[in-house]
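The values are calculated or read from the model by the stated rules, or taken from the named source; none is laboratory data. None of the values given here were measured: they were computed from a predicted structure. When we count neighbours, we look across all protein chains shown, and the Cβ atoms used for this are built from the backbone with ideal geometry, even at glycine.
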Amino acid sequence: MMKKSQLQTERLAEVPVSTERAKGKVWFTSVRKFKGLEAKAVLLIDGNVSKLHGPLMQRILYVGCSRANDYLQIALLQESGTTSDTGKFYSKLLCE
């Protein structure tokens, strides 16, 4: 489990954030720890586009994306000066 000291904040846009599941708070955790669970809204962050091409990372991303019941937002990092064929990757992900 993520330690509270790693989170760096207890509020995000005036919404309480927690490293533990708690009513009325945004739960900040890893995809692996969230496997088998679901939520109305999921914000998937801190993914690096250059690392998404292997089968393991694609499965992890799929697990993270499939946890959302109503709303999914994905924020990925693409390193400066690199190119990526993310369009084909997303099309494949959404069609499976």
ask   = Going by the structure shown, is ALA41 modelled with pLDDT of 85 or more, of a type in the set (A, V, I, L, M, F, W, C) and more than 14 Å from the chain's Cα centre (by Cα)?
value = no
task = Report whether or not GLU79 is modelled with pLDDT under 70 and either of a type in the set (Val, Ile, Thr) or over 14 Å from the mean Cα position of the chain (by Cα) (or both).
result = yes
Search result, residues across region 44-73 that are more than 18 Å from ARG21 (Cβ to Cβ), outside any helix (DSSP H, G or I) and either assigned by TED's automatic domain parsing to the domain that holds THR19 or modelled with pLDDT under 85 (or both) = ASP46, GLY47, ASN48, LEU52, HIS53, GLY54
